[in-house]
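Enquirer: What follows is a single structure, and I will ask about it in a moment.
The values are calculated or read from the model by the stated rules, or taken from the named source; none is laboratory data. Note that the structure is a prediction, hence the values are computed from the model and not measured. Please note: Cβ atoms are built from the backbone with ideal geometry, for glycine as well, and neighbour counts cover all protein chains shown. Just the protein is used for accessible areas: all its heavy atoms, side chains included, with ligands, DNA and RNA removed. Shrake-Rupley method; radii C 1.70, N 1.55, O 1.52, S 1.80 Å.
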Amino acid sequence: MADSSLSTSLSQVRQHHCDVYLAAASRSATDPDRLLSPATTVAMVRIPQFLVLYAEILSDCYQPGFAPWPGRSADEVTGYVHSDENRVPPVPDTLLRPLLANCLYLLETIGPLLVAEAAAARAADQHEAASRRGLLVTEVDSLREVIERRRETGLPAARAAEATITQRLKRGWDPGDPLLHMSWHPLVVQAAGAMGHRRDLETLRPELERWVSECGLQQPWCRDAAPVPRPDDGTPVPWTLPMARHQLDAMVYVVTSAAYFLTSALCGMRSSELAELTSGCRQQEERPGGRTRYRLLSRRIKGEAFGGPGTRGWSPKTCTRPSPSSKPSPAPPRVSGCSPRHPTTAVAAIRPCVPG
């Protein structure tokens with residue numbers, strides 16, 4: 001707190017030094033024009049005041065009788081006013097209860113099915129990344145056989161993404177082409193581990209047109225969705241309709257968000273701490289009396305950079321008998337997405353989180 005004309009000894013500190021210190025400490029280090037809130041600066045006043053209490057054990061201390069801002073508390077100096085109420089009002093039960101109920105349903109019922117589908121999508125991405133060669137002439141016949149087998153089994157061809165259709169039209173495809181909406185490249189990648197080019201499509205056009213004509217088109221992901229009980233009346237329905245890839249990614253994002261919401265509600269972690277949760281962050285400890293304590297470990301501490309040193313633990317729940325609803329939410333799986341709304345799917349039956 002001493003200025004440049006004095007030594008750094010506490011014995012030379014006077015009140016005007018304290019005032020200069022407070023004026024500087026009350027401003028943001030990154031934006032000096034911004035004043036910090038009293039709730040932040042109050043600690044900066046308490047620290048120099050507390051040094052008076054340790055004068056007997058400190059090798060360097062204030063002059064006898066001196067105390068920073070004498071007769072005034074840190075709250076009075078900074079203008080900090082205590083309040084028994086949260087600055088952010090609590091979420092009303094009319095919103096919180098259906099939100100948490102929906103989150104639990106997404107995590108316990110939809111999550112395991114979605115994780116399996118997302119894993120298949122990642123595997124397909126890796127397969128495509130390794131498929132950088134063109135289709136060999138000798139592979140055309142085997143690809144033709146794959147197409148015929150799919151047609152004979154009644155398997156619909158994959159529907160192309162809207163972006164792919166737009167690109168095709170810009171490249172001169174006929175808007176009435178029966179193969180305009182068919183996804184071609186992923187088929188070649190899956191069947192032959194090669195790139196799917198237009199020339200190969202034209203070679204196999206007769207077989208492809210027959211396949212599309214007889215079996216139709218369908219979104220490629222989440223086909224034959226397993227039945228699950230609806231969250232409102234328990235009626236078994238498919239957990240989703242077939243999805244496009246961007247819809248699968250969106251649904252993963254929805255379920256990941258549900259994991260964050262539920263974890264935050266159970267343990268009070270900050271969003272920055274939630275973002276540092278990684279695989280293996282869940283721990284459980286058997287306690288006396290048959291109880292189990294579930295813990296989460298995160299590396300984020302307020303004010304530190306992401307990936308900071310050390311870990312911190314939270315105990316979101318302690319229960320006598322472990323059960324799905326009593327466990328902390330799982331670490332978010334590596335996925336992201338939004339399923340289509342439809343009255344005959346489980347995801348569409350989730351109650352909206354609105355009052356009433």
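Enquirer: Can you list residues whose amide H is under 5 Å from residue 182's amide H, if they're 5+ apart or on another chain and H is modeled 1.01 Å from N?
Expert: Counting only residues 5 or more places away or on other chains, the set is 160.
Enquirer: Could you derive backbone 3J(HN,Hα) for segment 208-223 from the dihedral phi with the Karplus parameters 6.51, -1.76 and 1.60 (θ = phi - 60°), listing whole Hz in sequence and x where the residue is Gly or Pro?
Expert: 5, 5, 5, 4, 5, 5, 8, 10, x, 10, 8, 4, x, 10, 6, 6
Enquirer: Using mean Cβ contacts within 10 Å as the protection proxy, how do 279-290, 33-44, 257-268, 229-240 order, highest first?
Expert: 257-268, 229-240, 33-44, 279-290
Enquirer: Given a 1.4 Å probe, how much area per residue of segment 23-181 is accessible, in Å²?
Expert: 65 Å²
Enquirer: Something else: Just the ratio, please: alpha-carbon radius of gyration of segment 57-156 over 2.2 N^0.38 Å, N its number of residues.
Expert: Numbers: Rg = 34.2 Å, N = 100, 2.2 N^0.38 = 12.7 Å.
That works out to 2.70 for segment 57-156.
Enquirer: Using a 10 Å cut-off on Cβ atoms, rank the peptides 134-140, 245-251 from the highest mean neighbour count down. Don't skip to the end; give the middle numbers.
Expert: Values: 134-140: 13.7, 245-251: 19.7.
In descending order of packing, they fall as 245-251, 134-140.
Enquirer: Give, in nm to one decimal, the length gained when the segment between residue 116 and residue 155 is fully stretched (0.36 nm per residue of separation minus the Cα-Cα distance).
Expert: Fully extending the segment from residue 116 to residue 155 adds 12.0 nm.
Enquirer: Each residue of segment 17-26 in turn: what ³J(HN,Hα) in whole Hz from Karplus with 6.51, -1.76, 1.60 and θ = phi - 60°, glycine and Pro shown as x?
Expert: Rounded to whole hertz, the list is 5, 5, 5, 5, 4, 5, 4, 6, 6, 7.
Enquirer: Something else about it: Throw me the Rg/Rh for segment 129-233, computed over C-alpha atoms with Kirkwood Rh, two decimals.
Expert: 1.03
Enquirer: Moving on. Amide H of residue 237 versus every other amide H placed in the peptide plane: which residues, excluding those fewer than 5 positions away on the same chain, fall under 5 Å?
Expert: 228, 230
Enquirer: Moving on to the next point. So what's the gap between the Cα centers of segment 176-203 and segment 108-123, to the nearest angstrom?
Expert: 26 Å
Enquirer: Hey, what do the phi angles of segment 261-266 turn into as Karplus ³J(HN,Hα) couplings, whole Hz, using 6.51/-1.76/1.60 and θ = phi - 60°, x for Gly and Pro?
Expert: Per residue, the Karplus-derived 3J(HN,Hα) values read 4, 5, 4, 4, 5, 7 Hz.
Enquirer: What does the highest-first list of 163-176, 112-125 look like by mean Cβ count within 10 Å?
Expert: Taking the mean over residues of other Cβ atoms within 10 Å, the ranking is 112-125, 163-176.
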